[in-house]
Amino acid sequence: MQYVEYRDEIQRKLRRKTAGLTWKQLRDELDLPYDRPCPNWTKRLEDEIGLTRTKGQGRALVWKVSVATNSA
């Protein structure tokens with residue numbers, strides 16, 4: 001999977017789930033081939049699509065994007 005595919009899939013999913021999703025939920029729902037998110041790609045998502053990650057239950061972070069955010 002290339003970064004652009006990864007970015008677009010995550011952005012589409014998070015736009016539909018405005019409450020956000022954890023990495024595990026994203027990975028499972030999108031059938032992503034990664035155990036953990038790549039830190040470099042995560043930083044790019046923050047810069048390009050406005051990804052935010054906030055504290056959720058336990059150690060989980062909830063990933064969200066603004067619905068109005070455009071893809072790069």
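Since every read-out is calculated from the coordinates, none of them should be taken as a lab result. These figures come from a predicted structure and were not determined experimentally. All Cβ positions, glycine included, derive from the backbone under ideal geometry; neighbour counts span all protein chains shown.
Within a 10 angstrom radius of the beta carbon, how do 65, 4 rank from fewest other beta carbons to most?
Neighbour counts put them in this order, fewest first: 4, 65.
Would you calculate a helix-derived [θ] at 222 nm for the chain, using -39,500 (n - 2.57) for each DSSP H run of n ≥ 4 and dividing by the full residue count, to the nearest 500?
One gets -14000 deg cm²/dmol as the mean residue ellipticity at 222 nm.
Hey, what did the range 1-67 get for relative contact order, percent, Cα under 8 Å, at least 6 apart?
Relative contact order for the range 1-67 comes out at 39 percent.
State the label only: which of (1) 5.1; (2) 4.5; (3) 4.8 corresponds to mean projected area of the Cα convex hull in nm² computed from the shown model?
After the calculation, the listed value that fits is (2).
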